[in-house]
Amino acid sequence: MRTQLSTDEKLIIQVNRHWIMLTKPLFLAIFSFIVLAMTFKYQFLASFRDVALGGVVLAPLYFAYKFYERKFDIWAVTNMRVVDESGVFTRNTKDSPLDRINNVTYEQSFVGLFLGFGDVKIQTAAEEGDTAIKFVMRPKELKDAIIEAQKKFREAIKQKDVQPPEPTDGMVECPWCAELIKKKALICRFCRRKIHSESQAKNFAGSSEGEEPVQRIVTGRLRGLGKLLYPYKE
């Protein structure tokens, strides 16, 4: 494949048109040689000798062109898109992103089932519309590869959306509400609670707002009152 893949892009499957596409140019080349041979054997066909000579010269060139046309006419499925690439002396490329593909179907005739070729149709939401692939090799594998790549692509997008964002530079998580705040913040702008040190935050974790500090204050005052009322003598 002549199309360059991106950094995180991986090739899943690549297929060409079936070799049955070469039967017509091959038949023309063989037929030209047969006609030329017959013009030398039968005198009444001598008038067609020049035509046969032209066919003998052009038919192999036509076959060579169709051979390389089939070689460069490919469809590739990656983990991001479906690439339709063609052209012998030029290069034509059409990309169908996986998230823009709505439906994929394939058809195989009796001969196609026997020889292993068929037609694949890709319906997309892009401006170019549908893409029809005629006489392609392994049509079922191509269809299954597109559907499987679509499934994995959507799962990756879903996981990326669910995954929490990484804290940016100069930002930390509030120990109370887990929102991102500045490192030097004294009060969280989301939950309006005071930000303590890491050790204090661990001690306060799991308690309701202001509940544990109030208990500490009350306990301290009761102890001070007890010492006044009942002084301890050594």
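Coordinate-derived values only; no laboratory data. Keep in mind the model is a prediction, meaning the values are calculated, not measured. Note: ideal-geometry Cβ built from the backbone for every residue, glycine included; neighbour counts use all protein chains shown.
List Ile181, Ile34 from most exposed to least, where exposure is judged by having the fewest other Cβ atoms within 10 Å.
Ile34, Ile181
For the residues Met21, Met1, what sequence is obtained by ranking on other C-beta atoms within 10 Å, fewest first?
Exposure proxy ranking, most exposed first: Met1, Met21.
What length, rounded to one decimal in nm, is gained on full extension from Phe31 through to Glu141, with 0.36 nm per residue of separation minus their alpha-carbon distance?
Result for the pair: 36.0 nm of gain on full extension.
In the structure shown, do any of Lys10/Lys152; Lys24/Lys94; Lys10/Lys140; Lys24/Lys121; Lys94/Lys143; Lys71/Lys151 have a Cα-Cα gap over 22 Å, and if so which?
Pairs exceeding 22 Å: Lys24/Lys94; Lys24/Lys121; Lys71/Lys151.
Let me understand the range 1-125 better: what is its radius of gyration from the alpha carbons, and its Dmax, in angstrom?
Values for the range 1-125 (Cα only, Rg and Dmax): 20.5, 67 Å.
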